[in-house]
Amino acid sequence: MYWIVNHSLDPTFNLALEEYFLGRIEPGHPGYAILWQNSPAIVVGRFQNTRQEVNADFVRERGISVVRRMTGGGAVYHDAGTLNYTFIHHLDKEGALPAFSEAGKPIAEALQKLGLPVTFSGRNDLMLDGLKVAGVAHCRRGMRYLHHGCILVNSDLDVLSQALNVDPAKYKSKGVASVRSRVGNLAEYLAVHSPDLPPLTVQRVRDAIMEHRSGDEYRMNAADFVAITRLRDAKYSTWDWTYGASPPFTERKAQRFPWGKVEVSYDIRQGSVVECHFYGDFFMAGPGKSLTDEVSSCEIYDLEEAMRGVPYTNEALSPVLDRFPLHLLFSGCDPDELKAFLLPGR
């Protein structure tokens, strides 16, 4: 495995860097690993409605960047006290995605060696003493796989709680009152439970991870920087990618399932779907599921496009939904349950 040396604090550059190296993985490649940090930023999930997830006035006043990543899941806050990691590799011939706990095992083991008894819990959380200390996400491009996460080492949790607008239904499902009461810093835990140890820093966590998972160093060349910068400018730094258009909608449904929140908005005119858009913190093609040829290039926007122009009736929309592998587009879902939610009359 190659460790990519990256000192950039630019969120848009760092997200472009991930996508760039994901595209360079071929069969037999040992894979890439990256440890990186961002200047203060909100990083929203691939399918989320950015306007709903961010406290716009607060982030504007604080100069906090807002960016969108290429993986699903929920919005997270990054600052100097957050350490981010990325693993990129080629899947085996079966194409099955590893579970989050398996893909993130090197991180958990490295933290455990520091005296932090972290465990994976729920959908995609790394927990410590009942608090979330890291969130993980993943995506695939054909047989290429990317797994990444953000580790709260010594982050400003008060800023985090004010910058994010988290769905109250998510608090309820976790049995907590707010985002602030649900998250914690590794440094705070170690200071209480191991006061004789030196204060935990981002650098100590970085060193522990690199020591646990050794590899050769890869230093980016001029061609890498040019390609990443072009991708950043064309995609990750644009308004269209981060926020997108806000077309009018006449129908909106939202529901939180055990596998994530789904919101669907329809613009219905003269009885037909003119516009359709899905939002949420769900994942595509989840752990343990492989993509077959039928969905190797299938995306959420393909489903949205297929629903446009269709009469807004159960009889017309049902066969459209049946053409798509909903269990892979919305990882972990019960297709019949999701279909019933999406159809009119609910």
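Summary table below
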{"read-out": "Answer from Arg123, Arg51 - the residue that is buried (at least 20 other Cβ atoms within 10 Å of the Cβ), on the phi < 0 side of the Ramachandran plot and touching a residue at least 12 places away in the same chain (Cβ under 8 Å)", "value": "Arg123"}
{"read-out": "Close pairs from the range 85-100: first farther than 17 Å from Ala137 by Cα, partner in a loop (DSSP other than H, G, I, E, B), Cβ under 8 Å, at least 6 apart", "value": "Glu94/Ser290; Gly95/Met143; Gly95/Ser290; Gly95/Leu291"}
{"read-out": "Any hit, the range 28-44, residues being more than 14 Å from Cys150 (Cβ to Cβ), out of contact with any helix residue (DSSP H, G or I) (no Cβ under 9 Å at 6 or more places or on another chain) and aliphatic (A, V, I, L, M)", "value": "no"}
{"read-out": "Pair list, Cβ under 9 Å, 6 or more apart: the range 200-225 residue on the phi < 0 side of the Ramachandran plot and in the same structural domain as Thr82 (by TED's automatic domain parsing), other residue loosely packed, with under 14 Cβ neighbours inside 10 Å and of a type in the set (A, V, I, L, M)", "value": "Glu217/Val5; Tyr218/Val5; Arg219/Val5; Met220/Val5"}
{"read-out": "Among the candidates Thr292, Thr238, Thr242, residue that is at pLDDT 95 or above, of a type in the set (Ser, Thr, Tyr) and within 23 Å of His147 (Cα to Cα)", "value": "Thr242"}
{"read-out": "Helices (runs of 4 or more DSSP H) wholly inside the range 143-212 containing at least 2 residues that are modelled with pLDDT of 95 or more, crowded, with 16+ Cβ neighbours inside 10 Å and of a type in the set (D, E, K, R)", "value": "202-212"}
{"read-out": "Given (1) closer than 28 Å to Val5 by Cα; (2) more than 24 Å from the chain's Cα centre (by Cα), index of the condition Pro248 fails", "value": "(1)"}
{"read-out": "Selected residue (criterion: modelled with the lowest pLDDT) from residues of the range 94-104 that are crowded, with 20+ Cβ neighbours inside 10 Å and either among the small types (Gly, Ala, Ser) or part of a loop (DSSP other than H, G, I, E, B) (or both)", "value": "Leu97"}
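Okay, residues lined up against (1) β-branched (Val, Ile, Thr); (2) in a loop (DSSP other than H, G, I, E, B):
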residue: Arg60; (1), (2): no, no
residue: Val66; (1), (2): yes, no
residue: Gly72; (1), (2): no, yes
residue: Tyr77; (1), (2): no, no
residue: Leu83; (1), (2): no, no
residue: Thr86; (1), (2): yes, no
residue: Asp92; (1), (2): no, yes
residue: Pro106; (1), (2): no, no
residue: Ala110; (1), (2): no, no
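The values are calculated or read from the model by the stated rules, or taken from the named source; none is laboratory data. Quantities reported herein were computed from a predicted structural model and do not represent experimental measurements. Positions of Cβ are generated from backbone atoms using ideal geometry, with glycine treated the same way; all protein chains shown enter the neighbour counts.
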